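Quick notes on the structure that follows.
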Amino acid sequence: MVSWEQLEGACAACRRCGLCETRRNVVIGDGARESRILFIGEGPGEQEDLQGRAFVGPAGQLLDRMLACIGLDRGQVYIANVVKCRPPRNRDPLPEEQAACLPYLRAQVRLIRPQVIVCLGRIAAQAVIRPDFRITREHGQWVERKGYWLTATYHPSALLRDPSKKRDAYEDLKKLKSKLEELGIPPAPHREDT
Ligand code: URA
């Protein structure tokens with residue numbers, strides 16, 4: 001099994017697809033590597049590319065608020081992406097870019113060994129759950145595969161574009177909270193505001 005150090009080294013040197021030409025930083029992920037809960041987004045945006053951290057731009061700020069709704073913060077989950085380098089102008093990552101990068105995500109999943117994986121948006125759900133996953137119809141549903149509980153909800157960027165979806169996303173988060181309770185994944189300790 002690869003170590004985090006090997007994974008970081010491989011990602012830093014990666015030239016498996018054209019996204020390496022325009023990236024400023026490879027964004028491997030953020031949060032707690034020992035967490036039982038893994039969130040998977042699509043790919044870094046501008047701020048993530050600049051800072052080398054996942055979900056730190058406007059979508060990330062909304063993700064932080066979504067986590068807070070169910071008593072979590074990013075120090076208690078791990079957040080990764082399907083592709084580790086920013087697609088130019090935030091376009092969807094191409095199938096060949098996703099295919100080139102998926103071995104890194106698989107390695108991350110093996111290192112983290114989460115019990116619960118939450119896909120954020122269609123791209124992640126189709127890469128991780130099923131290629132024909134329909135986010136509008138199937139968000140909030142759960143499937144167990146190879147010992148992992150998988151679900152998907154709307155990507156925070158989609159919620160920023162269309163706030164009417166927030167109600168559904170909130171229901172999905174409540175189902176996530178119930179699943180964590182059912183699996184005995186301990187609730188987040190109270191976090192003092194700083
Ligand atoms: N959108 C994503 O899918 N991932 C990020 O890291 C940031 C924005």
Rg and Dmax of region 1-116, Cα atoms only, in Å = 13.5, 39
Can you work out ³J(HN,Hα) from phi for every residue in region 4-15, in order, using Karplus 6.51 cos²θ - 1.76 cosθ + 1.60 and θ = phi - 60°, giving whole Hz and x for Gly and Pro?
-> 4, 5, 5, 5, 4, x, 5, 5, 4, 9, 5, 9
So what are the ³J(HN,Hα) numbers for region 27-35, from phi and the Karplus equation (6.51, -1.76, 1.60; θ = phi - 60°), rounded to whole Hz, Gly and Pro as x?
-> 10, 7, x, 8, x, 9, 5, 9, 5
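Probe radius 1.4 Å, ligands and nucleic acids left out: which of SER35, SER3, SER164 has the largest accessible area, and how do the rest follow?
The residues order as SER164, SER3, SER35, largest area first.
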When only Cα pairs under 8 Å and 6 or more residues apart are kept, what is the percent relative contact order across region 58-194?
-> 26
Percent of all Cα-Cα pairs per 10 Å bin for the chain, counting from 0 up to the last occupied bin, reads 9, 39, 39, 13, 1
Calculate the length of the line joining the C-alpha centroid of region 131-150 to that of region 34-73, in whole Å.
-> 20
Measure of exposure for THR22: accessible area at 1.4 Å probe, Å² rounded to 10, is 80
Calculated from backbone phi, Karplus (6.51, -1.76, 1.60) coupling profile of region 162-174 in Hz, x at Gly/Pro | 9, x, 5, 7, 4, 4, 4, 5, 5, 4, 4, 5, 5
Just read off the accessible area of ARG134 with the full protein assembly in place, 1.4 Å probe, to the nearest 10 Å².
-> 110
So what does LEU50 come to for accessible area, using a 1.4 Å probe and Å² rounded to 10?
-> 80
Collect residues whose amide H, placed 1.01 Å from N in the peptide plane, falls under 5 Å from the amide H of ALA152; neighbours closer than 5 in sequence don't count.
-> CYS119, GLY140, GLN141
Taking LYS146 as the anchor, which lysines have their alpha carbon closer than 29 Å to its alpha carbon, excluding any fewer than eight residues away along the same chain?
-> LYS84, LYS174, LYS175, LYS177, LYS179
Using amide H atoms built 1.01 Å from N in the peptide plane, name the residues 5+ places from ARG24, or on other chains, whose amide H lies under 5 Å from its own.
-> ARG86
In nm, what is the difference between 0.36 nm times the number of residues separating ASN25 and LEU94 and their Cα-Cα distance?
-> 23.0 nm
For LEU160 and VAL143 in one chain, what is 0.36 nm times their gap in residues minus the Cα-Cα distance, to one decimal in nm?
-> 3.4 nm
Region 1-134: relative contact order as a whole-number percent, Cα under 8 Å and 6+ apart | 34
Counting only protein heavy atoms and using a 1.4 Å probe, what share of the accessible area of the chain belongs to carbon plus sulfur, as a whole percent?
-> 49
Grab the other residues whose beta carbon is less than 13 angstrom from that of ARG23, score K and R as +1, D and E as -1, and report the net.
-> 0
Sorted by mean Cβ packing within 10 Å, highest first, what order do the peptides 108-116, 140-148 take?
-> 108-116, 140-148
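Quickly estimate the mean residue ellipticity at 222 nm for the chain, helices only: each DSSP H run with n ≥ 4 gives -39500 (n - 2.57), and the total goes over all residues, rounded to 500. Don't skip to the end; give the middle numbers.
Details: 8 runs with 79 residues, N = 194.
Counting only the DSSP helices, I get -12000 deg cm²/dmol.
The values are calculated or read from the model by the stated rules, or taken from the named source; none is laboratory data. What you are looking at is a predicted structure, and each value in this text was computed from that prediction instead of being measured. Virtual Cβ from ideal backbone geometry, glycine too; neighbours counted across all protein chains shown. Surface areas here come from the heavy atoms of the whole protein model, side chains and all, with no ligands, DNA or RNA. Shrake-Rupley method; radii C 1.70, N 1.55, O 1.52, S 1.80 Å.
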